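Worksheet for the structure shown next.
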Ligand code: 4AD
Ligand code: MG
């Protein structure tokens with residue numbers, strides 16, 4: 001029997017018709033001479049019923065989980081009292097095995113069980129991906145990327161693709177991955193920010209969606225060595241404009257995914273209680289946050305009460321965010337704990353026009369700021385950070401040839417997803433996550 005195969009996401013349109021479907025055995029159950037296969041093809045699931053007397057090239061008894069096959073039959077509504085995806089099933093009249101998966105010790109179900117440890121699961125990531133949860137997160141990820149691009153298009157930003165191989169640092173030298181570039185030292189990029197800044201006079205407001213790399217030395221639930229970084233840069237704006245833009249971007253993007261018929265049901269499954277946050281997001285200065293942490297007796301990393309100038313560590317930040325229970329724009333961090341390029345607040349040179357966006361369950365998902373647009377001030381910034389200005393000539397030139405007030409931010413896609421999909425760790429939000437000591441598969 002010949003027929004053009006259909007994708008499982010499209011089966012509703014073929015109800016009552018005879019079709020061919022391709023896929024993998026996702027679940028398997030035999031009962032009273034009938035075999036029930038839940039078939040998976042990545043786009044959806046379909047229950048297929050194989051009865052004893054159908055002509056076939058294989059014995060249904062030998063079917064195993066993850067075997068790939070083609071099945072032909074009519075898509076029929078379910079008999080009363082039964083349930084299956086989309087409320088219909090395929091009454092198979094013919095099937096053909098394409099690649100039989102092993103049974104016994106090597107069987108899929110014996111390699112990955114509920115009790116498979118985290119390390120082995122990471123080794124078997126290529127198989128774990130076939131699971132319902134892992135694949136749902138990756139489908140949401142694709143929808144979120146689509147939605148961000150749509151928001152940027154609607155908000156008038158242009159997409160660019162900066163290089164990943166660079167010879168400058170952005171976020172401090174300690175997390176750089178260095179490598180040999182034709183005999184010269186080069187690094188994997190930590191952020192495309194500096195390149196985006198150079199695009200403003202050429203292309204107007206810009207964004208990029210690019211991998212960033214951080215040689216993080218600690219193992220935490222929210223740090224990867226390679227992550228997808230959504231960054232944007234905007235010219236002729238104020239700090240308030242930057243905050244409004246960020247709020248707008250996130251709310252538009254959430255609106256798009258929560259009304260996307262392909263994505264919204266997956267989010268509902270993964271995170272049943274998720275609700276898009278109300279605008280405006282809470283604004284809180286760093287100084288007020290320190291006050292809040294003191295009042296709530298949440299100590300700093302040394303176990304002492306927080307004081308002005310302290311880094312707010314991950315645990316303290318999360319406790320604060322979880323207690324407040326909604327997005328927070330944490331603003332105006334001290335100069336000493338922020339990057340060299342951040343603009344100081346007019347009238348309060350202790351602090352910068354900087355913002356972190358914090359989300360319940362995850363903490364920081366966005367870091368941004370207004371940039372120093374004055375040449376002399378930037379030279380001072382290099383000096384304070386102890387970096388030679390020479391390799392940054394192209395970035396410095398930005399302040400010579402028509403400088404403007406401008407600002408931007410970076411959003412960690414995996415952190416955004418961990419929040420949206422209620423995942424415990426960002427590792428579950430990456431196709432093949434990399435972290436300290438893990439660069440495989
Ligand atoms: O706060 P960060 O370091 O800021 C920058 O890199 C700026 N240059 C961005 C810019 O202004 N264009 O990083 C931005 C965001 C963080 O808020 C976090 O969400 C994510 O990137 N991020 C990480 N995500 C996963 N693993 C890591 N190791 C991350 N480091 C940062
Ligand atoms: Mg940051």
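No lab work stands behind these numbers, since they all come straight from the coordinates. Since the model is a prediction, treat every value here as computed from it, not as a measurement. Here Cβ is always computed from backbone atoms with ideal geometry, including for glycine, and neighbour counts include all displayed protein chains.
General remarks:
- Counted by neighbouring Cβ atoms within 10 Å, the residues 14, 95 run from fewest to most as 14, 95.
- Spin-label model, residue 154/residue 385: points 7 Å from Cα along the beta carbon direction are separated by 3.4 nm.
- Residue order for 94, 416, fewest other beta carbons within 10 angstrom first, comes to 94, 416.
- Over the stretch 179-234, Cα pairs under 8 Å with separation of 6+ residues give a relative contact order of 36 percent.
- Kirkwood-Stokes translational diffusion coefficient of the stretch 340-441, alpha-carbon pairs, 10 °C, 1.306 mPa s, µm²/s: 98
- A straight chain from residue 424 to residue 184 at 0.36 nm per residue would run longer than the Cα-Cα distance by 82.4 nm.
- Along each principal axis, taking the top coordinate minus the bottom one, the Cα set of the stretch 229-291 gives 38, 33, 22 Å in descending order.
- Two-site FRET efficiency, residue 440 against residue 167, from Cβ-Cβ distance with R₀ of 25 Å, rounded to 0.05: 0.35
- Across the stretch 126-429, Cα-Cα pairs more than 36 Å apart make up 16 percent of the total.
- All-pairs Cα distance distribution in the stretch 109-237, expressed in whole percent, bin size 10 Å: 11, 29, 30, 22, 7, 1
- Each label was represented as a point 7 Å from its Cα along the Cα-to-Cβ direction; for residue 82 and residue 32 these points are 1.0 nm apart.
- Shown for 308, 239: other C-beta atoms within 10 Å of each C-beta, ranked fewest to most, produce the order 308, 239.
- The packing ranking, built from the mean of other Cβ atoms within 10 Å per residue, places the peptides 315-324, 227-236, 184-193 in the order 227-236, 184-193, 315-324, highest first.
- Residue 107/residue 311 FRET efficiency (R0 45 Å; Cβ-Cβ; nearest 0.05): 0.40
- Centre separation in Å (Cα based) which lies between the stretch 1-27 and the stretch 255-330: 45
- Mean separation of Cα contacts under 8 Å (6+ apart) over length of the stretch 126-429, as relative contact order %: 20
- The stretch 130-200 and the stretch 367-441 have Cα centres lying 9 Å from one another.
- Rg and Dmax of the stretch 65-124, Cα atoms only, in Å: 16.4, 44
- Measuring nothing but alpha carbons in the stretch 5-108 and taking Rh as the Kirkwood radius, the Rg to Rh ratio lands at 0.94.
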